[in-house]
Amino acid sequence: MKEISINLNFEIRSVWVESSETLLDVLRDKLGVKSPKCGCERGDCGACTVLLDGKPVRSCLILAVEADKHDIITVEGLSADKLSALQEAFIQYNSFQCGFCAPGIILAVTELLQKNPHPSLLEIKESIAGHLCRCTGYTPIFDAILAISKGDK
Amino acid sequence: MALAHDFDYARPQSMAEVLDLLNTHRDKAKILAGGTDLIVSIKEAMMAPELLIDIKEIPDLGQIHREGEQIVIGAGVTFTQLLEDPLIKSHFPMLWDAAATVASTGIRNRATLAGNICSAVPSLDSAPALLCYEATVHCESKSGLRQIPIHEWFLAPRKTLLQPDELLSKIEMPIPPRNSTGIYLKLGRYNGEDLAQAGWGIWLDTENHYRIAHCALAPIPKRAPEIEALLNGNALSDALIERAAALVESAIKPITDIRSSREYRVHISRVMLKRGLLAARARLQGEEVEPKALLGGFA
């Protein structure tokens, strides 16, 4: 076992892990952060996405030991005080049903909007390619993000 | 829950440490950069290393820089870094196109170019560009440095010239002449995390020199010398493009797999080569070309 220290949602957290534990499992099972979801476990579905040093990554393909001394943000960190405008838009546009894909998509798009506050539909599609949603057909997700992009909210 | 297979993890701070570890552990050790292939392989029990050597804290390996007339891409450089580098976009458009088609943003933020060619699956998107830009692969070990031309690198699916005690430390490419350009066309079934059903890289210059390479269409990615020989010295014309397309079937050895049939791969390759040649010429003439739009665009 190794002790690692992660800046998780703006709070330093220390935890003992095996080398072979994934970041996803440690976040969910040892640190109690449940928004990253375990979907395909091979990087295809995007449900386990977290922001690592500000960039969306697949936490199912990262070892917890690799995250030692790095910054991790999950949806819990985005909405510590109140929901972000993007989260509000997801509610307004009914952009999720089961909710399994929503944390990953919200994190990916949060990063996109930081780099590019007014993305086109094409740029939005590119940023969430690799995030599978089986409920919505994606249209309400695009609508919510486009509303933010156009500054409606 | 940990991965079923247990291993040790090292995060060395210098090249010397990496090479020492590799020399001691050899094929029991695996280099960990992005991990997007490696962790999947361990999860699926295709590999069972005893030690993972994380190279992400070795500063030089994370850099793209220019050395004279060469560009040097370190082993830790991710596809996102390639996409954000102005030198790649302006001088190596085919590599930029390829990087943009690799999986999804979340994967590109971790996955490395070096890892892509070490995994060496037949469909690897970066290979046609590296073959057309005539890259050199640098492999370091305690016994020294080997510089391997990319066209010798791939041996078979998932097999390369890399030895167990070696680290692929960097990939070097000569800066192409100003009067040349390239394009990479990838056919996948959907955007985000799909492997290529077929990939074609096309390079040309204003003096009618051509370089053509493909992936996912043979056991290893390859140049197509017979097509290059037909094209070289000739300006593109409808008749020439038809003759080039007629050579496609003999230039590739596709298989039928879960992603497409052999027959479809042959058919679509003719289409891709024709559209790719015209698109590369358009790019050479200064037009903006979006490769994804050439094959049906976004789903």
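Only residues that are in contact with a Pro (Cβ under 7 Å, 6 or more places away or on another chain) and either in contact (Cβ under 8 Å) with a residue 40 or more places away in the chain or within 12 Å of another protein chain (Cβ to nearest Cβ) (or both) were counted across the range B:1-28, and they come to 4. Of everything listed in (1) more than 14 Å from chain B (Cβ to nearest Cβ); (2) crowded, with 16+ Cβ neighbours inside 10 Å; (3) within 23 Å of A:Arg13 (Cα to Cα); (4) of a type outside the set (D, E, K, R), the single unmet condition for A:Leu86 is (3). Within the range A:35-55, does at least one residue satisfy the condition of being closer than 15 Å to A:Leu132 by Cβ, facing chain B (nearest Cβ under 8 Å), of a type in the set (Ser, Thr, Tyr) and surrounded by 22 or more Cβ atoms within 10 Å (Cβ to Cβ)? Yes, that holds for at least one residue. Cβ separations smaller than 6 Å between residues 6+ apart or across chains give the following pairs from the range B:107-125 residues that are in the same structural domain as B:Gln163 (by TED's automatic domain parsing) to residues that are surrounded by fewer than 24 Cβ atoms within 10 Å (Cβ to Cβ) and of a type in the set (Lys, Arg): B:Asn109/A:Lys55; B:Ala120/B:Arg158.
From the list B:Gly68, B:Gly35, B:Gly74, which one is closer than 21 Å to B:Val137 by Cα, away from every other protein chain (no Cβ under 14 Å), among the small types (Gly, Ala, Ser) and touching a Leu at 6+ places or on another chain (Cβ under 7 Å)? Let's see the steps before the verdict.
Details: B:Gly68 fails: touching a Leu at 6+ places or on another chain (Cβ under 7 Å); B:Gly35 fails: away from every other protein chain (no Cβ under 14 Å).
Exactly one of B:Gly68, B:Gly35, B:Gly74 is closer than 21 Å to B:Val137 by Cα, away from every other protein chain (no Cβ under 14 Å), among the small types (Gly, Ala, Ser) and touching a Leu at 6+ places or on another chain (Cβ under 7 Å), namely B:Gly74.
In the range A:4-14, the condition of being hydroxyl-bearing (Ser, Thr, Tyr) and either within 20 Å of B:Thr78 (Cα to Cα) or at the interface with another protein chain (Cβ under 8 Å from one of its Cβ atoms) (or both) is met by no residue.
Among the residues of the range B:52-64, what is the count of those that are more than 9 Å from chain A (Cβ to nearest Cβ) and at pLDDT 95 or above? Break it down stepwise before answering.
In the first step, residues of the range B:52-64 are kept if they are more than 9 Å from chain A (Cβ to nearest Cβ); the result is B:53, B:55, B:57-64.
Imposing the further condition that a residue be at pLDDT 95 or above reduces the set to B:53, B:55, B:57-58, B:61-64.
The qualifying residues number 8.
Only residues that are at pLDDT below 95 and either in the same structural domain as A:Arg42 (by TED's automatic domain parsing) or surrounded by 14 or more Cβ atoms within 10 Å (Cβ to Cβ) (or both) were counted in the range A:89-126, giving 4.
Evaluating A:Glu76 against the criteria (1) more than 8 Å from every other protein chain (Cβ to nearest Cβ); (2) under 19 Å from B:Leu83 (Cβ atoms); (3) under 12 Å from the mean Cα position of the chain (by Cα); (4) among the charged types (D, E, K, R) leaves one unmet condition, (2). Evaluate the range B:134-142: report whether one residue or more is more than 26 Å from B:Ala29 (Cα to Cα) and touching a Cys at 6+ places or on another chain (Cβ under 8 Å). No, the range B:134-142 contains no residue that is more than 26 Å from B:Ala29 (Cα to Cα) and touching a Cys at 6+ places or on another chain (Cβ under 8 Å).
Search the range A:117-133 for residues being of a type outside the set (A, V, I, L, M) and free of Cβ contacts under 8 Å to residues at least 24 places away in the same chain, and hand back the single one that is farthest from the other protein chains (Cβ to nearest Cβ).
Here is the first cut: in the range A:117-133, the ones of a type outside the set (A, V, I, L, M) are A:117-120, A:123, A:125-127, A:130-131, A:133.
From what's left, free of Cβ contacts under 8 Å to residues at least 24 places away in the same chain: A:123, A:125-127.
Values: A:Glu123: 11, A:Lys125: 6, A:Glu126: 7, A:Ser127: 6 Å.
It comes out as A:Glu123.
Taking B:Val121, is it of a type in the set (A, V, I, L, M, F, W, C) and at pLDDT below 95? When the stated conditions are applied, B:Val121 passes them.
Tallying residues that are surrounded by fewer than 21 Cβ atoms within 10 Å (Cβ to Cβ) and either without any contact (Cβ under 8 Å) to a residue 60 or more places away in the chain or at positive phi (or both) within the range B:210-226 yields 2. I need every pair where a residue in the range B:52-69 that is closer than 19 Å to B:Pro174 by Cα has its Cβ under 6 Å from the Cβ of a residue that is surrounded by 13 or more Cβ atoms within 10 Å (Cβ to Cβ) and β-branched (Val, Ile, Thr), sequence separation at least 6 or different chains. Sorted first by the residue in the range B:52-69, then by its partner, the pairs are B:Leu61/B:Ile55; B:Ile64/B:Ile73; B:Ile64/B:Val77; B:His65/B:Val72; B:Glu69/B:Ile175. Being assigned to a loop (DSSP other than H, G, I, E, B), surrounded by fewer than 23 Cβ atoms within 10 Å (Cβ to Cβ) and of a type outside the set (D, E, K, R) is not true of B:Ser90.
Condition check ((1) within 14 Å of chain A (Cβ to nearest Cβ); (2) free of Cβ contacts under 8 Å to residues at least 40 places away in the same chain; (3) in contact with a Cys (Cβ under 9 Å, 6 or more places away or on another chain); (4) aromatic (Phe, Trp, Tyr)) across all residues:
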{"residue": "B:Leu168", "(1), (2), (3), (4)": "no, no, yes, no"}
{"residue": "B:Ile171", "(1), (2), (3), (4)": "no, no, no, no"}
{"residue": "B:Ser180", "(1), (2), (3), (4)": "no, no, no, no"}
{"residue": "B:Ile183", "(1), (2), (3), (4)": "no, no, no, no"}
{"residue": "B:Arg189", "(1), (2), (3), (4)": "yes, no, no, no"}
{"residue": "B:Gln197", "(1), (2), (3), (4)": "no, no, no, no"}
{"residue": "B:Asp205", "(1), (2), (3), (4)": "no, no, no, no"}
{"residue": "B:Asn208", "(1), (2), (3), (4)": "no, yes, no, no"}
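State all residues of the range B:188-233 that are in a helix (DSSP H, G or I) and in contact with a helix residue (DSSP H, G or I) (Cβ under 8 Å, 6 or more places away or on another chain); if no residue qualifies, say none.
The initial filter retains those residues of the range B:188-233 that are in a helix (DSSP H, G or I), namely B:225-231.
If the condition is that a residue be in a helix (DSSP H, G or I) and in contact with a helix residue (DSSP H, G or I) (Cβ under 8 Å, 6 or more places away or on another chain), then B:Glu226, B:Ile227, B:Leu230, B:Leu231 are the ones that fit.
Against the list (1) in contact (Cβ under 8 Å) with a residue 24 or more places away in the chain; (2) surrounded by fewer than 17 Cβ atoms within 10 Å (Cβ to Cβ); (3) more than 17 Å from the chain's Cα centre (by Cα), the condition B:Arg146 fails is (1).
The values are calculated or read from the model by the stated rules, or taken from the named source; none is laboratory data. Computed from a predicted structure; not experimentally measured. All Cβ positions, even for glycine, are placed from backbone atoms using ideal geometry, and neighbour counts span all protein chains on display.
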